[in-house]
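Chemist: A single structure is presented below for examination.
What follows is calculated from the coordinates using simple rules that are stated; it is not laboratory data. A quick note: this is a predicted structure, and the numbers were derived from the prediction, not measured. Neighbour counts run over all protein chains shown; Cβ positions are idealised from the backbone, glycine included.
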Amino acid sequence: MSDSTRMNVSRPTPTEIEDLKRLAAGIIRAQGNRFVKALLRSKDIQVGANKDEFQSNLTAAIESGELRLADVRTWLASVEGWGNQHVYLYNISSTLRRELTAPKIRQRVSKAKLDSLWNGETALAFPDEPQLTSISFNDSVLRLVWQEASPDWAPAPEKNFQKEEGLDLYEYRAFRKVEWRAITRFEARVKDGIAGLFIADPIQGPEHQAAIQEAKRVLRLLMDVDVLERGQMDIAVISRNLDQQNVPNNRMTSPQVKAQKSRLTSGGASVEFAANSTDKAYWEEPAIQNVRNSVRPEQLRSFQGADGVFIFQKNSLGLTRPLRVQLYGKERRVRLRAQMEVVEVWAILTKWSTQQ
Amino acid sequence: MKHAISISVPSKVPWVGQGNFKILPPAEYWPFLVQEMPRAQIDRLKEQSDQRHNEFTVSDLPGSEADALAVLMRFASDGWVERRERHSCPDCGEELDAQAITEPACPGCRKIFVEKGGVVTEIVFVRELAAVRGVDWVIAIHGMNTTGAWQEAFSWKFSTTWGRSVPVAVYKYGFVIVGVVLAWRRRTFQRELRTKLAALRDEARAQGFLGNPDVVAHSFGTWLFGHLLQDEFKRDEADRLQFGRVILAGCILRPDFDWKRIREAHLVEDVLNHYGTADCIVPLAHFTIIDSGPSGRRGFDGDQVLNIQAVEFGHSDLFSVEKGVADGLTYLANSYQKYWRPFLTLPATELLALPDRVNPPSPWRQLPWPLRGTIFPFLALPLVLAIVFLLIAESGGSLWPWRRPLLHFAEIATSGLVLLLACATVFGFWRNR
């Protein structure tokens, strides 16, 4: 940033600095280097060569007022809670579409006594339990956000110690608390006719199901959830079609999507094609491609899709990097395998709605 | 050919660092490696490499783990593969990238790595050979003076060795001799071929065969196919037929045929011209058929076609299932295994690795115009017709005394035919009443 610009920057208040430092210590760094670097570069802040430099530059930028809370809020909205999560997808029916209008949603929010959450600010919310923190309806997109402070524990072996008590020796292993937030979202893109419920909690354990139930409880206050659920996307069919359309032939030698794994089921049996490497398609091994090609599109009707892992190639759908997603047909669930930006997530999900 | 990677490797040591992740090691690399490493492991490695595997692990090779690792490390240091570490979560098994392993917990299951015994690491050796080309379906077009018996043998070979169903459409236009030399008949054959190929294309697409068909053509079939492609330019781009790779044998297209324009218009991908140096039929084409030439004897000019030379092979020898080469293969099996199948499947960047490529030493020069395609239509055919008429005229006098019995025969045949038709008519009315 130039000197003249720096002079125009008003000093942040001590509270803002404190808030930002708290975010920097956990939430900002948790977004992944790629996204943090993008944030710093967008503000002309030096990135640094290693983690220490990175942290010190971030702190300096906060203290000098080069990085402000408003910048971080905007940035977090586009990166936090996007990717590294499980998604349940729905087609928005015409019946539901008529219900999802700004006045009707606003009215139902008031009726449910959730006015305080309307356009709620989420950047500084760290509730201990999963909690709905924001509802908004802008540009025909209904958004609901739940947040939960969910700290990670990073090993800190330098703080480990041993202690003798009587005849026994005890070892104490230290873990440093790393601030992290679990974000659950529901987003209905009315114009595109797609909605998604995004759950960050791991599929193992009760938290995942609890997050779904909580989301549905709130959604029932705003819309007919039964109608929404009737439009749930058949992920098995999407997986099967996405795989079939991207098996290369001599007219399409470089598909936009690489299938790392695809399992086709028929009755009580299944066949799975899979590459060992996460950056390869199974059909990149000639013998496997030959076997896959033996299943013709016409015969594909005999199969139901099941699980699939797909790599959306760089430059496809406007992506600037390859992105992996996993489809679970039986559970009608999608797993976004990398942290992403909101535009990346919706570019992929919108593409899928055409594969049903 | 476009995008060619030239394979220039030293024939002797050292091989260190001479490799390339994107191509197969040359044949001479393996005997060199055998001198220094265990044969059983090198043989297995070569087998897997020739099958175009892109990943190798210690467990893929026989013998001790230490020896297998040493072989793969050597393969890597010579530059043919890259050693990589693949990390996964000790709990859920999810593969972890470079950033994920620096984090305390798995991004998938959020289990802390150290509590589960640490990140699991596997060593693999990888390379980046281009994916093989898919063959969707194939069209076989035969030549003149034959009913194309080779098509059946070729189709059988294809369907029994590919490992999956690759349909071969056998196009036949019948046993043709005179029709070949008559311009209007050739055009009729060409029109019928186009109609059939368009119908096959539509039918194949409807059945889910979405790729372009590859083509194998012989002799007069090459002429029909080449001229069909030329005529596609008269059509709208969306209406043009498109083909994959093309194999020509006993080809009678002009050696200066404009393949460049055809390839640039994406009417075909790549062309292989397999020519026999002892083909006696092909040189006659230029004398008998307009706009033809001896490309099936000498190869095409320019750099658009892969000219593969078959020394001492005659016009149809490449398809022969009676004649065989030294290692017990029939000529057809040899052509198929050594040249055609690799040509159909190799990525475009590796086509120049096909053996026995020999281009003509100098550009072809056509004959003076009175000799181009004139012998049969303007000389031989009138000669044959004149002889037939002369024979009829000569024998006419001796046939005259037999006119009455012949007329009697004709009357009987005509009466019988009329009676048959009348009966058929009455029978028809009776059934439909």
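Chemist: Any chance you could check the Cα centroid distance between region A:139-175 and region B:30-64 for me, in angstrom?
Modeler: Region A:139-175 and region B:30-64 have Cα centres spaced 47 Å from each other.
Chemist: Taking H placed 1.01 Å from N in the peptide plane, check which residues at least 5 places from residue B:139 or on another chain put their amide H under 5 Å from its amide H.
Modeler: Amide H to amide H, under 5 Å and 5 or more residues apart or across chains, residue B:139 pairs with B:169, B:214, B:215, B:216.
Chemist: By counting other Cβ atoms within 10 Å of each Cβ, how are A:316, B:59, B:159 ranked from fewest to most? Don't skip to the end; give the middle numbers.
Modeler: On the way: A:316 18, B:59 9, B:159 14.
So the residues, fewest neighbours to most, are B:59, B:159, A:316.
Chemist: Can you put B:89, B:251, B:109, B:423 in order, fewest other beta carbons within 10 Å first?
Modeler: Ordered from fewest to most neighbouring Cβ atoms within 10 Å, B:89, B:251, B:109, B:423 come out as B:423, B:109, B:89, B:251.
Chemist: Can you give the helix-only mean residue ellipticity at 222 nm for chain B, where every DSSP H stretch with n ≥ 4 adds -39500 (n - 2.57) and the sum goes over all residues, rounded to the nearest 500 deg cm²/dmol? Don't skip to the answer; put the middle values down first.
Modeler: On the way: 14 runs with 161 residues, N = 433.
Computed mean residue ellipticity for chain B: -11500 deg cm²/dmol.
Chemist: Counting only chymotrypsin sites (Phe, Trp or Tyr not before Pro) that sit in a DSSP loop (anything but H, G, I, E, B) with at most 14 other Cβ atoms within 10 Å, what is the longest stretch of chain B containing none of them?
Modeler: Working: sites that count: B:21, B:175, B:233.
Free of exposed loop sites, the longest segment is B:234-433.
Chemist: Using DSSP, restrict attention to beta bridges with both residues in chain B and report what percent are antiparallel, rounded to the nearest 5. Before the final figure, lay out the partial values.
Modeler: On the way: 14 of 36 bridges.
The antiparallel proportion sits near 40 percent.
Chemist: Past 30 Å, Cα to Cα: identify those pairs from A:43/A:113; B:172/B:338; A:261/B:116, in the order given.
Modeler: Working: A:43/A:113 39 Å; B:172/B:338 26 Å; A:261/B:116 26 Å.
Exceeds cut-off: A:43/A:113.
Chemist: Moving on to the next point. Describe numerically, in nm with one decimal, the distance between label points set 7 Å from Cα along Cα→Cβ at residue B:206 and at residue B:84.
Modeler: 4.4 nm
Chemist: Which ³J(HN,Hα) values in Hz, rounded to whole numbers, follow from the phi angles of region A:207-221 under the Karplus curve 6.51 cos²θ - 1.76 cosθ + 1.60, where θ = phi - 60° and Gly and Pro get x?
Modeler: 4, 4, 5, 4, 5, 5, 4, 5, 4, 5, 4, 6, 4, 4, 6
Chemist: Ratio of Rg to Rh for the protein assembly as shown, alpha carbon only, Kirkwood?
Modeler: Ratio of gyration radius to Kirkwood radius for the protein assembly as shown: 1.12.
Chemist: At 222 nm, what value in deg cm²/dmol follows for chain A if DSSP H runs of at least 4 each add -39500 (n - 2.57) and the sum is divided by all its residues, to the nearest 500? Don't jump to the answer; show the numbers that get you there.
Modeler: Details: 12 runs with 121 residues, N = 356.
Result for chain A, helices only: -10000 deg cm²/dmol.
Chemist: Please report Rg (one decimal) and Dmax (integer) in Å for the Cα set of region A:83-230.
Modeler: 20.6, 74
Chemist: Around residue A:150, which amide H atoms from residues at least 5 apart in sequence, or from another chain, sit under 5 Å from its own amide H, with H modelled in the peptide plane?
Modeler: Amide H to amide H, under 5 Å and 5 or more residues apart or across chains, residue A:150 pairs with A:180, A:181, A:182.
Chemist: Turning to a different aspect of this structure: Pull out the extension gain between residue A:56 and residue A:22, defined as 0.36 nm times the separation in residues minus the alpha carbon to alpha carbon distance; nm, one decimal.
Modeler: On the way: separation 34, 0.36 × 34 = 12.24 nm, distance 1.40 nm.
Contour length minus the Cα-Cα distance gives 10.8 nm.
Chemist: Using r as the Cβ-Cβ distance of residue B:159 and residue B:369, and R0 as 51 Å, what FRET efficiency do you calculate, to the nearest 0.05? All intermediate terms of the calculation are to be shown ahead of the outcome.
Modeler: Values: r = 46 Å, r/R0 = 0.90.
The formula returns an efficiency of 0.65 here.
Chemist: Now, a different point. Subtracting the Cα-Cα distance from 0.36 nm times the residue separation, let me have the gained length for residue B:362 to residue B:30 in nm, one decimal.
Modeler: Details: separation 332, 0.36 × 332 = 119.52 nm, distance 3.66 nm.
So the extension gain works out to 115.9 nm.
Chemist: Now a separate question. So in chain B, which Cys have no other cysteine's beta-carbon sitting under 4.7 angstrom from theirs?
Modeler: Cysteines of chain B left without a disulfide-compatible partner: B:251, B:280, B:423.
Chemist: Okay, moving on. FRET efficiency for residue B:47 and residue B:240, Cβ-Cβ distance as r, R0 = 51 Å, nearest 0.05?
Modeler: Details: r = 42 Å, r/R0 = 0.83.
With a Förster radius of 51 Å, E is 0.75.
Chemist: So which lysines pass the test for residue A:111, namely a Cα distance under 19 Å, with those fewer than 8 places away in the same chain ruled out?
Modeler: Counting by Cα, and skipping residues close in sequence, residue A:111 has these lysines nearby: A:216.
Chemist: Check cross-link reach from residue A:159 to the lysines: straight Cα distance under 16 Å, and skip same-chain residues fewer than eight apart.
Modeler: A:177
Chemist: Scaled to the compact-protein estimate 2.2 N^0.38 Å, what is the alpha-carbon radius of gyration of chain A, rounded to two decimal places?
Modeler: Values: Rg = 23.6 Å, N = 356, 2.2 N^0.38 = 20.5 Å.
Relative to the rule-of-thumb radius for its length, chain A sits at 1.15.
Chemist: Additional query: For residue B:312 and residue B:102, compute 0.36 nm times the residue count separating them, minus their Cα-Cα distance, and round to one decimal in nm. Let's see the in-between values first.
Modeler: Details: separation 210, 0.36 × 210 = 75.60 nm, distance 6.55 nm.
Roughly 69.0 nm would be gained on extension.
Chemist: Same structure, new question: Using a 10 Å cut-off around each Cβ, can you sort A:243, B:291, B:43 from fewest to most neighbouring Cβ atoms?
Modeler: Working: A:243 28, B:291 19, B:43 14.
So the residues, fewest neighbours to most, are B:43, B:291, A:243.
Chemist: Considering only the other residues whose Cβ falls under 15 Å of the Cβ of residue B:357, what net charge follows from Lys and Arg at +1 and Asp and Glu at -1?
Modeler: Details: positive: B:298, B:338; negative: B:270, B:301, B:303, B:350, B:356.
The answer is -3.
Chemist: Could you check what % of the DSSP bridge pairs in the protein assembly as shown are antiparallel, to the nearest 5?
Modeler: Details: 78 of 101 bridges.
Rounded to the nearest five, the antiparallel share is 75 percent.
Chemist: Taking H as built 1.01 Å from N, whose amide H comes closer than 5 Å to the amide H of residue A:233, not counting residues under 5 places away?
Modeler: Counting only residues 5 or more places away or on other chains, the set is A:89, A:90, A:91.
Chemist: Between residue A:354 and residue B:418, take the C-beta separation as r, use R0 = 51 Å, and let me know the FRET efficiency to the nearest 0.05. Intermediate results must be reported in sequence, preceding the final value.
Modeler: Numbers: r = 69 Å, r/R0 = 1.35.
E(calc), rounded to 0.05, equals 0.15.
Chemist: Among the lysines, which have Cα under 22 Å from the Cα of residue B:234 when same-chain residues fewer than 8 positions away are ignored?
Modeler: Filter leaves B:196, B:260.
Chemist: Using label points projected 7 Å from each Cα along Cα→Cβ, tell me how many nm separate residue B:258 and residue B:22, to one decimal.
Modeler: So the two model labels end up 3.2 nm from each other.
Chemist: Testing the spin-label approximation: label points 7 Å from Cα along Cα→Cβ at residue B:386 and residue B:290. State their distance in nm.
Modeler: The two pseudo-label positions are separated by 2.2 nm.
Chemist: Roughly how tilted is helix B:65-77, in degrees to the nearest 10 and between 0 and 90, from the longest Cα axis of chain B?
Modeler: Between helix and principal axis, roughly 70 degrees.
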